[in-house]
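Questions regarding the structure given below will be posed in turn.
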Amino acid sequence: MREGIITEYTKKGEVKYHVIKGKNLQPIGSEKYAYGTPFFEGFAVVRMENGMLSLIDDGGKTVIENLSKVNDENIVLTGIPSEGLIRFKNEDGLWGYLNTQGVIEINPQFGACENFRDGKARVILADGKFAVIDKKGQEIFKGKDDFTYQPMHDGLMAFSEKGGKQTLWGVMNTEGEKVIKDNKFSEISPFYDGVAAAKVDNEWGVINKAGEYVGD
(Lines give C-alpha, C1' and ligand atoms only; values in the text may rest on other atoms or scores of the structure.)
Protein backbone atom coordinates (compact mmCIF):
# COMPACT_ATOMS: atom_id res chain seq x y z
CA MET A 1 0.00 0.00 0.00
CA ARG A 2 1.23 3.48 -0.93
CA GLU A 3 -0.55 6.75 -0.19
CA GLY A 4 -3.54 4.80 1.11
CA ILE A 5 -4.04 2.90 -2.13
CA ILE A 6 -3.52 -0.84 -2.62
CA THR A 7 -2.00 -1.93 -5.93
CA GLU A 8 -3.12 -5.45 -6.87
CA TYR A 9 -1.22 -7.49 -9.44
CA THR A 10 -3.41 -10.34 -10.67
CA LYS A 11 -2.26 -13.74 -11.90
CA LYS A 12 -3.25 -12.67 -15.41
CA GLY A 13 -0.75 -9.81 -15.21
CA GLU A 14 -3.41 -7.13 -14.82
CA VAL A 15 -3.31 -4.29 -12.30
CA LYS A 16 -6.16 -3.07 -10.12
CA TYR A 17 -6.29 -0.29 -7.52
CA HIS A 18 -8.31 -0.31 -4.31
CA VAL A 19 -8.95 1.82 -1.25
CA ILE A 20 -10.23 0.48 2.06
CA LYS A 21 -13.74 1.63 2.95
CA GLY A 22 -14.71 0.29 6.34
CA LYS A 23 -13.98 -3.42 6.08
CA ASN A 24 -14.26 -3.59 2.31
CA LEU A 25 -12.04 -2.90 -0.67
CA GLN A 26 -13.42 -0.37 -3.12
CA PRO A 27 -11.94 -0.19 -6.64
CA ILE A 28 -10.79 3.14 -8.02
CA GLY A 29 -10.30 4.07 -11.64
CA SER A 30 -10.97 1.55 -14.36
CA GLU A 31 -11.53 -1.89 -12.91
CA LYS A 32 -8.28 -3.20 -14.39
CA TYR A 33 -5.27 -2.10 -16.41
CA ALA A 34 -2.76 -4.05 -18.46
CA TYR A 35 0.00 -2.41 -16.40
CA GLY A 36 0.28 0.16 -13.65
CA THR A 37 2.71 1.65 -11.15
CA PRO A 38 1.96 2.21 -7.47
CA PHE A 39 0.85 5.74 -6.62
CA PHE A 40 3.49 8.41 -6.12
CA GLU A 41 2.67 12.04 -5.33
CA GLY A 42 -1.00 11.29 -5.98
CA PHE A 43 -0.57 9.81 -9.47
CA ALA A 44 0.00 6.46 -11.17
CA VAL A 45 1.05 5.64 -14.73
CA VAL A 46 -1.13 2.93 -16.26
CA ARG A 47 -1.22 1.10 -19.57
CA MET A 48 -4.63 0.46 -21.03
CA GLU A 49 -5.56 -2.83 -22.68
CA ASN A 50 -5.04 -1.20 -26.08
CA GLY A 51 -1.41 -0.49 -25.11
CA MET A 52 -1.81 3.26 -24.57
CA LEU A 53 -0.19 4.84 -21.52
CA SER A 54 -2.29 7.13 -19.32
CA LEU A 55 -1.90 9.05 -16.07
CA ILE A 56 -4.57 8.75 -13.37
CA ASP A 57 -4.93 10.53 -10.03
CA ASP A 58 -5.67 8.99 -6.64
CA GLY A 59 -9.41 9.40 -7.22
CA GLY A 60 -9.25 7.25 -10.32
CA LYS A 61 -9.71 10.21 -12.68
CA THR A 62 -7.76 10.18 -15.93
CA VAL A 63 -5.49 13.24 -15.88
CA ILE A 64 -3.65 12.56 -19.16
CA GLU A 65 -5.61 10.22 -21.39
CA ASN A 66 -2.86 9.60 -23.95
CA LEU A 67 0.58 9.61 -22.37
CA SER A 68 1.95 7.63 -25.29
CA LYS A 69 1.77 10.67 -27.57
CA VAL A 70 2.76 14.06 -26.15
CA ASN A 71 3.26 16.81 -28.72
CA ASP A 72 5.38 15.12 -31.40
CA GLU A 73 6.93 12.61 -29.00
CA ASN A 74 6.00 8.94 -29.19
CA ILE A 75 6.54 7.74 -25.62
CA VAL A 76 7.24 4.04 -25.07
CA LEU A 77 8.13 4.00 -21.36
CA THR A 78 7.85 6.24 -18.30
CA GLY A 79 8.96 6.34 -14.71
CA ILE A 80 6.97 7.51 -11.70
CA PRO A 81 6.27 11.11 -10.62
CA SER A 82 9.19 12.57 -8.68
CA GLU A 83 8.97 16.15 -7.46
CA GLY A 84 6.29 16.84 -10.06
CA LEU A 85 8.20 15.42 -13.03
CA ILE A 86 7.95 12.08 -14.82
CA ARG A 87 10.88 10.72 -16.77
CA PHE A 88 9.99 9.24 -20.16
CA LYS A 89 11.65 7.38 -23.00
CA ASN A 90 10.76 8.14 -26.62
CA GLU A 91 10.82 5.81 -29.63
CA ASP A 92 14.39 6.91 -30.41
CA GLY A 93 15.58 5.62 -27.02
CA LEU A 94 16.17 9.07 -25.52
CA TRP A 95 14.94 10.13 -22.09
CA GLY A 96 13.39 13.43 -20.99
CA TYR A 97 10.95 14.73 -18.37
CA LEU A 98 7.34 15.91 -18.48
CA ASN A 99 5.10 17.25 -15.72
CA THR A 100 1.83 15.79 -14.45
CA GLN A 101 -0.13 18.10 -16.76
CA GLY A 102 1.51 16.54 -19.80
CA VAL A 103 3.90 19.41 -20.56
CA ILE A 104 7.44 18.41 -21.56
CA GLU A 105 9.79 20.29 -19.21
CA ILE A 106 13.10 18.77 -20.35
CA ASN A 107 13.32 17.54 -23.94
CA PRO A 108 14.46 13.94 -24.53
CA GLN A 109 18.24 14.00 -24.84
CA PHE A 110 19.65 11.54 -22.30
CA GLY A 111 20.79 7.96 -22.71
CA ALA A 112 19.37 7.24 -19.24
CA CYS A 113 18.02 9.26 -16.34
CA GLU A 114 16.75 8.85 -12.79
CA ASN A 115 13.99 10.37 -10.68
CA PHE A 116 14.49 13.79 -9.15
CA ARG A 117 15.55 14.08 -5.53
CA ASP A 118 16.02 17.43 -3.80
CA GLY A 119 15.71 19.18 -7.15
CA LYS A 120 18.44 17.13 -8.86
CA ALA A 121 18.64 14.01 -10.99
CA ARG A 122 21.44 11.79 -12.31
CA VAL A 123 21.58 11.31 -16.08
CA ILE A 124 23.72 9.82 -18.82
CA LEU A 125 24.39 12.43 -21.49
CA ALA A 126 24.33 11.82 -25.25
CA ASP A 127 28.13 11.44 -25.21
CA GLY A 128 27.84 8.68 -22.60
CA LYS A 129 29.13 10.78 -19.70
CA PHE A 130 27.54 10.85 -16.27
CA ALA A 131 26.06 14.15 -15.04
CA VAL A 132 23.74 15.70 -12.46
CA ILE A 133 21.08 18.13 -13.71
CA ASP A 134 18.58 20.51 -12.13
CA LYS A 135 14.85 20.66 -12.94
CA LYS A 136 15.51 22.99 -15.87
CA GLY A 137 17.81 20.40 -17.44
CA GLN A 138 20.96 22.41 -16.73
CA GLU A 139 24.13 20.49 -15.85
CA ILE A 140 25.21 21.00 -12.26
CA PHE A 141 28.05 18.50 -12.38
CA LYS A 142 29.61 16.39 -15.12
CA GLY A 143 31.34 13.21 -14.06
CA LYS A 144 34.71 11.87 -15.07
CA ASP A 145 35.22 8.75 -17.18
CA ASP A 146 37.59 7.18 -14.65
CA PHE A 147 35.16 7.53 -11.73
CA THR A 148 32.18 5.46 -10.58
CA TYR A 149 29.30 7.16 -8.76
CA GLN A 150 26.73 5.69 -6.40
CA PRO A 151 23.11 6.90 -6.11
CA MET A 152 22.71 10.24 -4.34
CA HIS A 153 20.81 11.02 -1.17
CA ASP A 154 20.93 13.88 1.31
CA GLY A 155 22.74 15.88 -1.39
CA LEU A 156 25.72 13.48 -1.36
CA MET A 157 26.98 10.55 -3.41
CA ALA A 158 29.88 8.18 -2.99
CA PHE A 159 32.56 7.99 -5.70
CA SER A 160 35.49 5.74 -6.49
CA GLU A 161 38.28 5.71 -9.06
CA LYS A 162 38.26 2.87 -11.56
CA GLY A 163 41.20 0.58 -12.19
CA GLY A 164 42.59 0.15 -8.69
CA LYS A 165 43.34 -3.17 -7.03
CA GLN A 166 40.60 -2.44 -4.51
CA THR A 167 37.49 -0.29 -4.88
CA LEU A 168 37.62 2.45 -2.25
CA TRP A 169 34.99 5.12 -1.84
CA GLY A 170 34.97 8.80 -0.94
CA VAL A 171 31.98 11.16 -0.84
CA MET A 172 31.13 14.27 -2.88
CA ASN A 173 28.18 16.61 -3.10
CA THR A 174 26.00 16.92 -6.20
CA GLU A 175 28.09 19.85 -7.46
CA GLY A 176 31.15 17.59 -7.63
CA GLU A 177 32.92 18.96 -4.55
CA LYS A 178 34.62 16.25 -2.51
CA VAL A 179 33.37 16.47 1.08
CA ILE A 180 35.14 13.29 2.22
CA LYS A 181 38.25 13.46 0.08
CA ASP A 182 40.10 10.32 1.13
CA ASN A 183 38.88 7.23 -0.69
CA LYS A 184 39.13 4.93 2.30
CA PHE A 185 35.82 3.10 2.59
CA SER A 186 35.61 -0.39 1.09
CA GLU A 187 31.80 -0.17 1.29
CA ILE A 188 29.42 2.67 2.01
CA SER A 189 25.66 3.16 2.02
CA PRO A 190 23.77 6.28 0.86
CA PHE A 191 23.37 9.00 3.48
CA TYR A 192 20.07 9.26 5.35
CA ASP A 193 19.40 12.02 7.87
CA GLY A 194 23.06 13.01 7.75
CA VAL A 195 24.64 9.62 8.47
CA ALA A 196 25.75 6.57 6.48
CA ALA A 197 27.04 3.07 7.21
CA ALA A 198 30.65 2.66 6.09
CA LYS A 199 33.23 -0.14 6.19
CA VAL A 200 37.01 0.12 6.68
CA ASP A 201 39.28 -2.90 7.22
CA ASN A 202 36.27 -5.23 7.64
CA GLU A 203 34.84 -3.03 10.40
CA TRP A 204 31.50 -1.33 9.94
CA GLY A 205 30.62 2.00 11.54
CA VAL A 206 28.30 4.97 11.21
CA ILE A 207 29.80 8.18 9.82
CA ASN A 208 28.54 11.74 9.52
CA LYS A 209 28.87 13.99 6.46
CA ALA A 210 32.40 14.96 7.51
CA GLY A 211 33.50 11.31 7.48
CA GLU A 212 33.74 11.17 11.28
CA TYR A 213 32.63 8.04 13.07
CA VAL A 214 29.65 8.66 15.30
CA GLY A 215 28.77 5.05 16.16
CA ASP A 216 29.71 1.40 15.75
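Describe numerically, in nm with one decimal, the distance between label points set 7 Å from Cα along Cα→Cβ at Asn24 and at Ile6.
Once both label points are built, they end up 1.4 nm from each other.
Quick one: with all protein chains in place, what share of the accessible area of region 58-190 is carbon or sulfur, to the nearest percent (1.4 Å probe)?
Details: 2880 of 6750 Å².
Carbon-and-sulfur percentage of accessible area, whole number: 43.
Can you list the trypsin sites (Lys or Arg not before Pro) in region 45-138 that are in a DSSP coil and have 13 or fewer other beta carbons within 10 angstrom? Mind dumping the intermediate values first?
Values: sites: Arg47, Lys61, Lys69, Arg87, Lys89, Arg117, Lys120, Arg122, Lys129, Lys135, Lys136; in loops: Lys61, Lys129, Lys135, Lys136.
Here the sparse-neighbourhood loop sites are Lys61, Lys136.
Any idea which of Thr78, Ala44, Asn66 is furthest toward the positive side of the dipole for region 1-82, if Lys and Arg beta-carbons carry +1 and Asp and Glu beta-carbons -1?
So the residue furthest toward the plus end is Ala44.
Could you do me a favour and compute the accessible area per residue for the chain, 1.4 Å probe, result in Å²? Don't skip to the end; give the middle numbers.
Values: 11810 Å² over 216 residues.
Accessible area per residue: 55 Å².
Using +1 on the beta carbon of Lys and Arg, -1 on that of Asp and Glu, and nothing else charged, what's the dipole of the chain about the Cα centre, debye to 20? Please report the intermediate quantities before stating the final value.
Working: 27 positive and 33 negative charges, 93 e Å.
That gives a dipole near 440 debye.
Further question on the same structure: How large is ³J(HN,Hα) for each residue in region 18-29, as worked out from phi by the Karplus curve 6.51 cos²θ - 1.76 cosθ + 1.60 (θ = phi - 60°), to whole Hz, x for Gly and Pro?
Going residue by residue, I get 9, 10, 8, 10, x, 9, 10, 8, 10, x, 10, x Hz, with x marking Gly and Pro.
In nm, what is the difference between 0.36 nm times the number of residues separating Lys209 and Leu77 and their Cα-Cα distance?
Numbers: separation 132, 0.36 × 132 = 47.52 nm, distance 3.61 nm.
Once the chain is fully extended between Lys209 and Leu77, it gains 43.9 nm.
A further question follows. With +1 on each Lys and Arg Cβ and -1 on each Asp and Glu Cβ, how big is the dipole of region 88-216 about its Cα centre, in debye rounded to the nearest 20?
Working: 16 positive and 21 negative charges, 38 e Å.
Roughly 180 debye for region 88-216.
Classify region 124-187 from the C-alpha gyration tensor, please: rounded if a/c falls under 1.5, else prolate or oblate depending on whether a/b exceeds b/c. Could you put the intermediate results ahead of the total?
Numbers: a/c = 2.65, a/b = 1.50, b/c = 1.77.
Here region 124-187 falls in the oblate category.
Computed on alpha carbon atoms, what radius of gyration and Dmax characterise the chain, expressed in Å?
20.5, 60
Testing the spin-label approximation: label points 7 Å from Cα along Cα→Cβ at Val63 and Lys142. State their distance in nm.
So the two model labels end up 3.4 nm from each other.
State the answer as a single residue: which of Gly22, Ile6, Tyr35 lies farthest towards the positive end of the charge dipole of region 1-53, with beta carbon charges of +1 for Lys and Arg and -1 for Asp and Glu, about the Cα centre.
Gly22
Compute the whole-percent fraction of alpha carbon pairs in region 84-198 spaced more than 17 Å apart.
Numbers: 3686 of 6555 pairs.
It works out to 56 percent of all Cα pairs.
Further question on the same structure: Which entries in Lys12/Lys32; Lys135/Lys209; Lys120/Lys142; Lys11/Lys61; Lys144/Lys199; Lys16/Lys69 show an alpha-carbon gap greater than 22 Å? Intermediate values should be presented prior to the final figure.
Numbers: Lys12/Lys32 11 Å; Lys135/Lys209 25 Å; Lys120/Lys142 13 Å; Lys11/Lys61 25 Å; Lys144/Lys199 24 Å; Lys16/Lys69 24 Å.
Table pairs above 22 Å Cα-Cα are Lys135/Lys209; Lys11/Lys61; Lys144/Lys199; Lys16/Lys69.
Please give the peptides 27-39, 186-198 ranked by average Cβ packing (other Cβ atoms within 10 Å per residue), highest first, as a rough proxy for protection. Present the calculation step by step, with values, prior to reporting the outcome.
Numbers: 27-39: 17.7, 186-198: 15.9.
Top of the packing list down: 27-39, 186-198.
Given a Förster radius of 41 Å and the C-beta distance between Lys135 and Ala197 as r, what FRET efficiency does 1/(1 + (r/R0)^6) yield to the nearest 0.05? Don't jump to the answer; show the numbers that get you there.
Numbers: r = 30 Å, r/R0 = 0.73.
Efficiency for this residue pair is about 0.85.
The values are calculated or read from the model by the stated rules, or taken from the named source; none is laboratory data. The model shown is predicted, which means the values in this text are computed figures rather than measured ones. So basically every Cβ, Gly included, is an ideal-geometry build from the backbone, and we count neighbours across all protein chains shown. Quick note on the areas: whole protein, heavy atoms, side chains included, nothing else; ligands and nucleic acids left out. Shrake-Rupley method; radii C 1.70, N 1.55, O 1.52, S 1.80 Å.
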